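See below for the structure under consideration.
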Amino acid sequence: MTAQRVFVTGIGMITCLGSGVAANWEAITAGRSGIGPITLFDTAKFATKIAGEVDGAFDPHGYVNPKEMRRMDRYQQFALVSAGEAMAHAGLEWPPVNPYRCGVVVGSGMGGLASIEEGFDVVRNKGPRHVHPLTLTKAVINLGPAMLSIKYGFKGPNFGVVNACTSGASAVGEAYRMVREGRADVMITGGTEAVITELSIAAFNSLRALSTRNDEPTRASRPFDRDRDGFVIGEGAGILILESGEHAQRRGATLLAEIVGYGATDDAYHVVMPDANGEAPYWAMRLALEDAGIEPEAIGYINAHGTSTDLNDKMETLAIKKLFGAKSYRVSISSTKSMTGHLIGAAGAIEAIYSVMAIRNGIVPPTINLENPDPDCDLDYTPNKAVSKQVEYAISNSFAFGGQNAALVFRRA
Amino acid sequence: MDEVEKRVIDLIAEVLVDVNKENIQLDSKIVEDLGAESLDIYDMIALLEDEFHLEITDEEVEKIQTVKDVADFIRVAKQAS
């Protein structure tokens with residue numbers, strides 16, 4: 001079977017910048033931060049008191065029945081609402097005529113951690129028989145994709161991807177391969193995360209991974225800046241509808257972008273630290289470009305992983321230099337995490353969407369709070385202001401605790 | 001309808017995704033008429049136990065059929081406690 005071309009035909013998202021792609025893109029191109037004080041729990045005893053929280057009213061279009069919402073963890077709610085937007089955007093009818101040709105692959109780093117914490121509180125304080133029966137379905141990560149299949153009648157391949165901060169990118173990459181290899185015609189894919197919880201913030205704080213710039217939340221996420229002091233956690237979801245060229249053409253779908261490359265590697269190095277030499281991330285990008293059949297100079301925009309941690313930003317800069325050589329100073333790079341914070345398992349998915357939007361709109365989003373670049377980070381990170389630029393190809397990077405690396409290449413459709 | 005009955009209907013309506021509150025009568029059979037399946041029943045038990053501070057054993061659940069049965073059970077259990 002000849003390889004299928006794979007197109008993005010629908011997108012949907014929720015972040016601290018708002019509900020929906022339009023609200024997000026407006027904020028991203030305006031260079032607006034969505035970071036603020038944590039309201040989901042009392043932070044009095046916590047070193048970090050800020051995050052990129054999703055606003056309470058995140059389903060303005062009513063994509064999900066409120067009664068169904070009650071039976072979901074927040075990470076599942078984000079996925080279902082974003083998928084509602086993406087499916088409406090794609091104009092796909094459901095349930096599909098050929099349900100076994102339609103699948104779901106959605107990533108999440110920690111799934112229903114909030115429900116696990118709540119359940120553990122009950123089992124310890126009230127006793128085991130008071131644990132709510134839905135604790136389990138809210139906790140586990142495969143129920144995000146399962147709920148999407150139940151909602152849309154997609155009976156094809158279905159699984160969750162658990163890859164920490166690379167989960168979203170890995171999910172999109174695996175779904176892309178599935179369509180390309182002819183194993184499915186349509187895939188709902190992306191990532192979702194809701195871990196602004198007590199245990200998660202406490203644990204990240206113990207690793208000294210989070211920014212503690214509590215008095216200046218909007219200035220806390222500052223990738224590649226000399227004064228960065230860790231990442232800022234965010235929450236939300238990004239969902240993409242991927243479709244084979246044949247299927248999309250047959251129904252006259254609008255093509256938002258084409259996915260043409262995916263590369264995946266691992267550092268094989270350390271449980272939390274990236275290998276400082278950037279070798280495996282370089283290979284992820286290189287393999288993605290080889291998959292796309294293009295040379296590095298074809299890339300007009302890199303959506304960097306850019307976490308705003310000392311180790312990542314230096315390492316990623318080095319990996320880009322390894323791949324692009326002298327041309328690395330000419331490619332536009334940015335870290336949209338400067339505005340959204342780091343959405344962990346949803347990051348790769350929302351950044352895939354921003355990359356698609358950059359190509360479609362001819363706008364490279366900025367890296368905000370880049371005031372004094374780290375001397376080791378000397379590339380064009382599109383500081384503080386969006387730039388108009390025709391982009392033919394964009395690459396989106398994601399790297400994880402555990403060393404999992406993924407790169408996705410998108411082309412203008 | 002008394003307060004307990006009203007509250008029981010509220011909670012059952014909260015659990016059953018496809019059932020409107022207006023369609024729940026005191027003599028509605030929870031499984032046959034309202035379409036509750038086992039997970040719905042466990043969900044209801046958890047909500048009722050929390051709301052009325054009581055325990056409903058699986059044996060007691062077997063004897064409950066209608067919405068009124070639930071309210072009667074709660075009234076008896078509250079009096080006993």
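Inside 10 Å of the C-beta atoms of A:134-140, what's the mean count of C-beta atoms belonging to other chains? List each step's numbers first, then the result.
Values: counts 5, 1, 0, 1, 0, 0, 0.
The per-residue average across the peptide is 1.
Report the full-extension gain for the segment A:H130 to A:S206: residue separation times 0.36 nm, less the Cα-Cα distance, to one decimal in nm.
So the chain would gain 24.3 nm between A:H130 and A:S206.
Given 10 Å bins starting at zero, what is the percent of C-alpha pairs of the stretch A:147-299 in each, up to the one with the largest pair distance?
All Cα pairs considered, the percentages come to 9, 27, 33, 22, 8, 0.
Given bins 10 angstrom wide, list per bin the percent of all Cα-Cα distances in the stretch A:328-413, short to long.
17, 49, 32, 2
Tell me, Kirkwood radius of the stretch B:3-80 from alpha-carbon pair distances, in Å? The partial results should precede the final answer.
On the way: mean 1/r = 0.0809 Å⁻¹.
Averaging 1/r across every pair of different Cα atoms and inverting gives 12.4 Å.
So if the hydrodynamic radius of the protein assembly as shown is defined as the Kirkwood radius over C-alpha pairs, what does Stokes-Einstein give as its diffusion coefficient at 10 °C and 1.306 mPa s, in µm² per second? Please list the in-between numbers first.
Numbers: Rh = 23.5 Å.
In µm²/s, the coefficient is 68.
Principal axes first, then extents: for the Cα atoms of the stretch A:169-247, list largest minus smallest coordinate on each axis, whole Å, largest first.
Computed over the Cα atoms, the extents are 52, 28, 18 Å.
Of the listed peptides B:67-74, A:346-353, what is their order by residue-averaged count of other C-beta atoms within 10 Å, with the highest listed first?
Per-residue mean Cβ counts within 10 Å order the peptides as A:346-353, B:67-74.
What is the log10 of I(q)/I(0) for the stretch A:37-161, computed with the Debye formula using one identical point scatterer on each Cα and no solvent, at q = 0.14, 0.18 Å⁻¹?
Debye intensities relative to I(0), on a log10 scale: -0.72, -1.07.
In whole Å, how far is the Cα centre of the stretch A:226-279 from that of the stretch A:334-356?
Using only Cα atoms, the two centres lie 9 Å from each other.
Tell me, how many Å apart are the Cα centres for the stretch A:393-413 and for the stretch A:74-116?
Measuring centre to centre over Cα atoms gives 21 Å.
Average projected area of the Cα convex hull of the stretch A:1-95, in nm²?
Result: a mean projected hull area of 9.7 nm².
Quick check on my link table: of A:K327/A:K385; A:K155/A:K337; A:K49/A:K151; A:K151/A:K385, which ones sit more than 29 Å apart, alpha carbon to alpha carbon?
Violating the 29 Å Cα-Cα cut-off are A:K155/A:K337; A:K49/A:K151; A:K151/A:K385.
Taking N as the number of residues in the stretch A:105-220, what is its alpha-carbon radius of gyration divided by 2.2 N^0.38 Å?
For the stretch A:105-220, the normalised Cα radius of gyration is 1.31.
Using the number of other C-beta atoms within 10 angstrom as an exposure proxy, rank A:Y393, A:Y354, A:Y75 with the fewest first.
Ordered by Cβ neighbours within 10 Å, fewest first: A:Y393, A:Y354, A:Y75.
If you build the convex hull over the alpha carbons only and average its shadow over all orientations, what do you get for the stretch A:156-213? Give it in nm² to one decimal.
Computed as one quarter of the Cα hull surface, the answer is 5.1 nm².
Helix B:67-80 against the longest principal axis of chain B: what's the angle in degrees, Cα atoms only, rounded to the nearest 10?
Here the helix axis deviates by roughly 10 degrees.
How far apart, in nm, are the 7 Å Cα→Cβ label points at A:E181 and A:N142?
Once both label points are built, they end up 1.9 nm from each other.
For the stretch A:86-159, with equal point scatterers placed on the C-alpha atoms only and solvent neglected, what are the log10 I(q)/I(0) values from the Debye formula at q = 0.12, 0.14 1/Å, to two decimals?
-0.46, -0.57
Compute a Gaussian network model of chain A, connecting alpha carbons closer than 10 Å, and tell me which residue from A:L240, A:L311, A:L113 fluctuates the most.
Comparing A:L240, A:L311, A:L113 in a Gaussian network model of chain A, the most mobile one is A:L311.
What distance in nm separates the simple spin-label points at A:E246 and A:E93, each placed 7 Å from Cα in the Cβ direction?
Label-label distance for A:E246 and A:E93, simple model: 2.0 nm.
Give me D for the stretch A:256-413 in µm² s⁻¹, whole number, from Stokes-Einstein with Rh from the Kirkwood sum over alpha-carbon pairs, 10 °C and 1.306 mPa s.
Using the Kirkwood radius from Cα pairs, D works out to 105 µm²/s.
Return one quarter of the surface area of the convex hull spanned by the alpha-carbon atoms of the stretch A:7-250, equal to its mean projected area, in nm².
That works out to 14.4 nm², a quarter of the Cα hull's surface.
Enumerate the aspartates and glutamates that A:K314 could reach by cross-link, defined here as Cα to Cα under 19 Å, with residues fewer than 8 away along the same chain left out.
A:D225, A:D227, A:D229, A:D266, A:D267, A:D275, A:E279, A:E371, A:D374, A:D376, A:D378, A:D380
Sort A:H89, B:H53 so the one with the fewest other Cβ atoms within 10 Å of its own Cβ comes first.
Working: A:H89 19, B:H53 10.
In order of increasing Cβ crowding within 10 Å: B:H53, A:H89.
Tell me what chain A gives for mean residue ellipticity at 222 nm when only DSSP H runs of n ≥ 4 count, each as -39,500 (n - 2.57), the sum divided by the residue total, rounded to 500 deg cm²/dmol.
-10000 deg cm²/dmol
I'd like to compare A:212-225, A:128-141: which one has the highest average count of other Cβ atoms within 10 Å, and what's the full order after that?
The packing order, highest mean first, is A:212-225, A:128-141.
Each value in this text was obtained by applying a stated rule to the coordinates, not by laboratory testing. Just so it is clear, the model here is predicted, and its values are computed rather than measured. Because the Cβ atoms are built from the backbone with ideal geometry, glycine has one as well, and the counts that use them run over all protein chains shown.
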